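Below is one structure, written out as structure tokens; the observations come after it.
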Amino acid sequence: MNFTLSPRLKNIGIVLLVVGIISLMYSFFMADYGHHAGHDSTHEAVHAAGHEDHSAHNRPWAALMVNTFFFLAIALGSLFFLAIQYAAQAGWSAGIKRVMESIAGFLPIPAAVMFIIVIAGVVLHKHHIWHWTAEGISDPNHPNYDAIIAGKTAYLNTPFFLIRTTVYLIGWYMFFYFLKKNSIIGESSGNWEWWKKNWRISAGFLVFFAITSSTSAWDWIMSIDTHWFSTLFGWYVFATMFVTAVTVLTLVVLYLKAENYLEWVNENHLHDLGKFMFAFSIFWTYLWFSQYMLIWYSNIPEEVTYFMPRYTIYKLPFLTMLALNFVFPILVIMSRTAKRIGGFIVIAGVSILVGHWLDVFNMIMPGTVGENYGFGIAEIGIFLGYVGAFILVVGRNLAKAPLLMKNHPMLIESKHHHI
Amino acid sequence: MSTAIQTHTKTIISAIFDDDDVMLKAVKRVRGKGFYIREAYTPFPVHGLDHAMGLKPTNIGTAAFFYGLLGLSLAIWLTYYTMIHDWPMNIGGKPSFTWGKNMPAFVPVMFELTVFFAAHLMVWTFFIINGLYPGRKPINPDPRTTDDKFMIEIEANGNENDLIELLKNEGAIEINKKEEETNGNHH
């Protein structure tokens with residue numbers, strides 16, 4: 001049976017998308033975020049002193065970037081999860097692979113916007129999200145000269161940055177394209193060749209993603225705070241990506257169940273998805289804390305600069321995020337019973353999504369807008385626009401192919417999954 | 001009182017199977033006919049057998065949560081007593097002498113003791129509940145069930161011929177009968 005997006009949800013999607021586009025235009029062309037001219041010591045701790053403060057006018061771009069990265073994480077995390085299922089030859093998930101594939105199919109939209117943000121930043125200099133793109137920063141005779149950043153130009157330079165961004169975005173999309181293509185071939189195929197091909201493609205993607213998930217996190221996010229570095233930053237961002245994607249997948253599966261689709265999915269599958277949400281919330285906390293504690297303990301100025309603004313001017317979103325990402329999901333879906341009941345999963349899921357949106361916010365905002373942050377039309381409106389686009393695109397993806405991969409070799413195993 | 005303890009004999013039918021799927025189906029059918037299966041002996045855990053036998057789900061998960069909580073509390077007390085209260089420690093230039101401000105440094109201790117207490121006490125609880133201790137006499141009635149055979153024990157209440165017939169139809173490769181003496185007040 002094929003999915004059809006209900007007219008009601010479609011209308012909600014369109015309204016949200018329109019709200020998002022209006023918010024985007026408002027925040028870019030009409031909003032006055034104020035030209036911050038005062039001395040902001042925390043901001044200067046992040047940025048080298050002695051150049052113009054761009055923090056206020058970065059805000060619409062930074063808000064766009066937070067939401068773009070958040071939704072890129074959802075699509076990419078889903079693609080990763082799908083590839084894991086193929087590569088591990090997992091049986092339990094065969095009945096929900098089409099859902100993963102449809103969510104991964106959202107990839108082109110945030111990827112295209114991410115590309116625009118990169119071009120606007122490093123080529124057109126419309127914003128200064130990445131501090132190392134500032135003029136003359138590696139020129140010893142320029143007032144903006146920064147010796148530490150100049151030492152990183154072998155990696156952080158405009159051509160190489162553009163090449164890397166292009167390789168990530170096109171590379172991820174190509175892997176998605178072939179996985180999807182083969183699964184559609186599988187609909188009318190009499191053998192399992194398509195599945196074997198996807199198994200190989202997935203193994204290749206996992207190797208590619210193992211490297212690019214880290215390097216893209218360094219490039220797009222860690223290089224915002226250019227002086228600072230953390231060796232496990234890539235895994236920390238990956239953990240955010242994965243737990244967010246698994247949560248969205250679970251919520252979409254619950255929605256489809258509520259609409260009487262996916263009759264082959266039962267509380268056993270939900271239980272497994274709940275375990276992933278639970279386990280990777282702990283995994284995220286483990287990585288987050290490993291990064292935090294070492295920096296807090298050693299207390300070296302070049303390292304603690306990262307957490308200084310986050311623990312002062314960002315204290316509320318910072319601590320809220322920890323509660324929403326760790327304490328709340330742990331307590332709500334710890335027991336076996338809770339993982340098998342949709343209501344508990346939804347409560348924990350909403351907490352995880354809000355928490356990880358705030359997590360991305362905390363990664364990007366302090367280094368880009370400093371104390372000029374807020375939760376206004378730019379942040380919330382663009383988020384709603386992305387939700388609308390997500391509903392429309394993923395709804396269309398789900399409708400285009402049968403929800404059940406009827407020729408999947410592990411389908412029987414998935415239907416009999418019992419834990 | 002001079003009431004003598006009545007002794008009854010109870011008939012126990014034990015059936016041996018050589019396949020876990022066949023046994024699992026037989027368990028469902030036999031229970032469906034209203035017989036009480038008191039025990040099953042298998043060489044490995046058979047998925048779904050507990051449910052088919054009608055066993056209550058274990059509460060060991062809840063116990064583990066409280067054991068973990070106990071470990072966590074002990075870790076908080078330990079770090080507070082040794083590092084803050086009894087002999088305040090200034091490590092890494094953090095002489096705040098409060099537990100809260102040094103808390104991130106104590107998280108590994110809290111984590112480890114939570115896991116340690118939850119895991120160890122859960123295992124010991126499992127041993128005690130199941131009466132597993134060194135030197136315990138094995139209660140397994142047939143050593144073949146530790147190799148490749150599966151055995152279920154069913155209580156028959158006078159309708160043992162029906163039961164034996166049913167078990168034969170369900171694919172039991174061997175059926176034995178034994179009488180057990182019990183104190184009368186039980187069923």
How tilted is helix B:60-79 with respect to the longest principal axis of chain B? Cα atoms for both, answer in degrees (0 to 90, nearest 10).
20 degrees
Which value, in debye to the nearest 20, describes the size of the charge dipole of the protein assembly as shown about its Cα centre when Lys and Arg Cβ atoms bear +1, Asp and Glu Cβ atoms bear -1, and nothing else is charged?
1160 debye
How many partner chain Cβ atoms sit within 10 Å of a residue's Cβ in peptide B:106-112, on average, as a whole number?
1
How tilted is helix A:7-25 with respect to the longest principal axis of chain A? Cα atoms for both, answer in degrees (0 to 90, nearest 10).
10 degrees
Between the modelled labels at B:Asp18 and A:Ala31 (7 Å from Cα along Cα→Cβ) the distance in nm is 7.5 nm
Roughly speaking, what is the centre-to-centre gap between the stretch B:4-63 and the stretch B:70-111 when only Cα atoms are used, to the nearest Å?
50 Å
I'd like the FRET efficiency for B:Lys10 and B:His120, computed as 1/(1 + (r/R0)^6) with the beta carbon distance as r and R0 of 35 Å, rounded to 0.05.
0.35
How many Cβ atoms of partner chains, on average, are near each residue of B:61-71 if near means within 10 Å of its Cβ?
1
Estimate the FRET efficiency between A:His416 and B:Glu174 by the formula 1/(1 + (r/R0)^6), using the beta-carbon distance for r and 35 Å for R0, to the nearest 0.05.
0.75
If I model a spin label at A:Met1 and A:Ser290 as a point 7 Å from the Cα along the Cα→Cβ vector, what separation in nanometres do I get?
4.4 nm
Pairs of Cα atoms under 8 Å, at least six residues apart: use those to get the relative contact order of the stretch A:134-186, whole percent.
17 percent
Helix A:59-87 versus the longest principal axis of chain A: what is the Cα-based angle in degrees, 0 to 90, to the nearest 10?
40 degrees
For A:Trp264, project a label point 7 Å along Cα to C-beta. Then give me every residue of the stretch A:395-416 with its amide nitrogen under 19 Å of that point.
A:398-416
At R0 = 41 Å, FRET efficiency that the Cβ-Cβ distance of A:Ala88 and B:Ser73 yields, to 0.05
0.60
Length-normalised contact order of chain A, Cα under 8 Å, at least 6 apart, in percent, tallies to 35 percent
Please average, across the residues of A:163-174, the number of beta carbons from any other chain that are within 10 Å of each residue's own beta carbon, and give a whole number.
0
The stretch B:159-173 versus the stretch A:318-389: alpha-carbon centroid distance in Å
59 Å
Would you calculate, for the protein assembly as shown, the mean residue ellipticity at 222 nm contributed by helices, counting each DSSP H stretch of 4 or more residues as -39,500 (n - 2.57) and dividing by all residues, to the nearest 500?
-18500 deg cm²/dmol
Which one of A:Val393, A:Phe283, A:Pro366 is farthest out on the positive end of the charge dipole of chain A, using unit charges on Cβ (Lys, Arg +1; Asp, Glu -1) and the Cα centre as origin?
A:Val393
Quickly rank A:260-270, A:217-227 as a protection proxy: mean count of other C-beta atoms within 10 Å, highest first.
A:217-227, A:260-270
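Relative contact order, percent, of chain B when contacts are C-alpha pairs under 8 Å separated by at least 6 residues?
Relative contact order here is 54 percent.
We did not get these values from a lab; they are worked out from the coordinates using the rules stated. Just so it is clear, the structure is predicted and the values come from calculations on it, not from any experiment. Ideal geometry is used to build each Cβ from the backbone, glycine not excepted, and the neighbour counts take in all protein chains shown.
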